[in-house]
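Notes follow once the structure below has been shown.
The values are calculated or read from the model by the stated rules, or taken from the named source; none is laboratory data. Quick caveat: nothing in here was measured; it's all calculated off a predicted structure. Quick reminder, even Gly has a Cβ in these numbers, built from the backbone with ideal geometry, and neighbours come from all protein chains shown. For accessibility, only protein heavy atoms count, side chains too; no ligands or nucleic acids. Shrake-Rupley method; radii C 1.70, N 1.55, O 1.52, S 1.80 Å.
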Amino acid sequence: MPLRQIRFLIDETPPQRLDKALARDVPVEAALSRTRIARLITEGAVAVDGWVVKDPKARVAEGAKVEIEIEEAQESHIRPEDIALDIVFEDNDLIVVNKPAGMVVHPAPGSPSGTLVNALLAHCGESLSGVGGMKRPGIVHRIDKETSGLLVVAKSDAAHHGLAAQFEAHTVERYYQALVYGVPDANDPRLRGVKGANFEPGNILKITTQLARHKSDRQRQAVLFQGGRHAITRARTTERFGSPAVIALTECWLETGRTHQIRVHLAHAGHGLVGDPVYGGKRKLARAALSEASSEAVTKFPRQALHAAVLGYDHPVTGQKLRFEAPLPQDMAELLGLLRHG
């Protein structure tokens, strides 16, 4: 494999560990995360003052000469596909895409092509500097196939590491728009009896549970209170529809980001998403609560009515604060239009 060499000197007062010192002093243009550097050390790709060092915890002195040999990023086995993308932002390190409903994020046995990654490989081409030694987009978060909205994807190893750290620390701003059955409201006595659900000031529903894969249906997530992974969702009702109100537009935001989190949490609270074939189900609406056209549109909505509308984070390389908004897709906007007119 072709190799590239990165040479630099250790600056004054280095951290005690070699991997930390290298992560601090490696040239920015090398686009190497600390995780990648640690792996390169153990693989014998790092020499300090001419000697190969394989211990990431080794000490290193100020002024030491470091040489890192890196295999040029390999081509991904995933096939690029010329698929149109709604690109909200792009630079050398990352790309923000407004994903349409119906598109899978990453190839899997049931969806080997037509995915966002296939499209990004074609769009980005040689601008992918390599994530983990592979020329591929760095996926740090996902949204479900039938959920629309904003995703940020890394184009470099440094961006991938920096974004992943922000998602792990729960500092990324993520707001969703969802249409749900019923109206989440602090005055609803039923919700006071739902384990894990409580209301914060401002009529904000907070749901705190554990989530894990369902024991009998591997396509579903299940709410637990022991085991699983900690999950917190907040939701606030912004509009009510019907007389009596039978549908609500809610703004949801995540403190954690688990598979199907909003969908399973709102269903647990008794407010499943309109159109959700897994958790929301089909519900009978109170007769005459909505017009016949609105009621039929709700019943026939073909996917979970969920849209990732806002995404905010610090640029992992420049440190600039970035925040993006994506308008509702046509199908949800049309449904809302009907509901607003009765």
Legend entry - Single residue of 312, 257, 280, 337 found to be closer than 24 Å to residue 189 by Cβ and of a type in the set (Gly, Ala, Ser): 280
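Let's see how each residue does on (1) touching a residue at least 40 places away in the same chain (Cβ under 8 Å); (2) assigned to a loop (DSSP other than H, G, I, E, B):
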{"site": "211", "(1), (2)": "yes, no"}
{"site": "217", "(1), (2)": "no, yes"}
{"site": "223", "(1), (2)": "yes, no"}
{"site": "226", "(1), (2)": "no, yes"}
{"site": "235", "(1), (2)": "yes, no"}
{"site": "257", "(1), (2)": "yes, yes"}
{"site": "266", "(1), (2)": "yes, no"}
Inset, instruction - Output the number of residues of region 54-69 satisfying the condition of being hydrophobic (A, V, I, L, M, F, W, C) and either surrounded by fewer than 19 Cβ atoms within 10 Å (Cβ to Cβ) or in a loop (DSSP other than H, G, I, E, B) (or both). - result: 4
Inset, instruction - Output yes when any residue across region 224-232 is of a type outside the set (Val, Ile, Thr), open to solvent by less than 20 Å² (accessible area, probe 1.4 Å) and over 21 Å from the mean Cα position of the chain (by Cα), and no when none is. - result: no
Inset, instruction - Could you pull out the residue among 190, 213 that is charged (D, E, K, R), at pLDDT below 90 and open to solvent by 40 Å² or more (accessible area, probe 1.4 Å)? - result: 213
Inset, instruction - Find the residue count for region 155-204, including only residues that are among the small types (Gly, Ala, Ser), closer than 14 Å to residue 236 by Cβ and in a loop (DSSP other than H, G, I, E, B). - result: 2
Inset, instruction - State the number of residues belonging to region 89-111 that are farther than 18 Å from residue 219 by Cα and part of a loop (DSSP other than H, G, I, E, B). - result: 5
Inset, instruction - Report, by residue number, each residue of region 237-250 that is open to solvent by 60 Å² or more (accessible area, probe 1.4 Å), within 19 Å of residue 332 (Cβ to Cβ) and not in a strand (DSSP E or B). - result: none
Inset, instruction - Please go through region 70-85 and pick out each residue that is in contact (Cβ under 8 Å) with a residue 40 or more places away in the chain and open to solvent by less than 70 Å² (accessible area, probe 1.4 Å). - result: 70, 73, 76, 78, 81
Legend entry - Qualifying positions in region 299-324 - outside any loop (DSSP other than H, G, I, E, B), surrounded by 13 or more Cβ atoms within 10 Å (Cβ to Cβ) and not aromatic (Phe, Trp, Tyr): 299, 306, 307, 308, 309, 310, 311, 312, 314, 322
Inset, instruction - Could you tell me whether region 40-53 includes any residue that is touching a residue at least 24 places away in the same chain (Cβ under 8 Å), part of a loop (DSSP other than H, G, I, E, B) and exposed (fewer than 13 other Cβ atoms within 10 Å of the Cβ)? - result: no
Legend entry - Residue that is nearest to residue 301 (Cα to Cα) [pool: residues in region 112-139 that are part of a loop (DSSP other than H, G, I, E, B), at pLDDT 85 or above and open to solvent by 10 Å² or more (accessible area, probe 1.4 Å)]: 114
Inset, instruction - Only residues that are buried (at least 20 other Cβ atoms within 10 Å of the Cβ) and at pLDDT below 90: list them for region 277-298, please. - result: 280
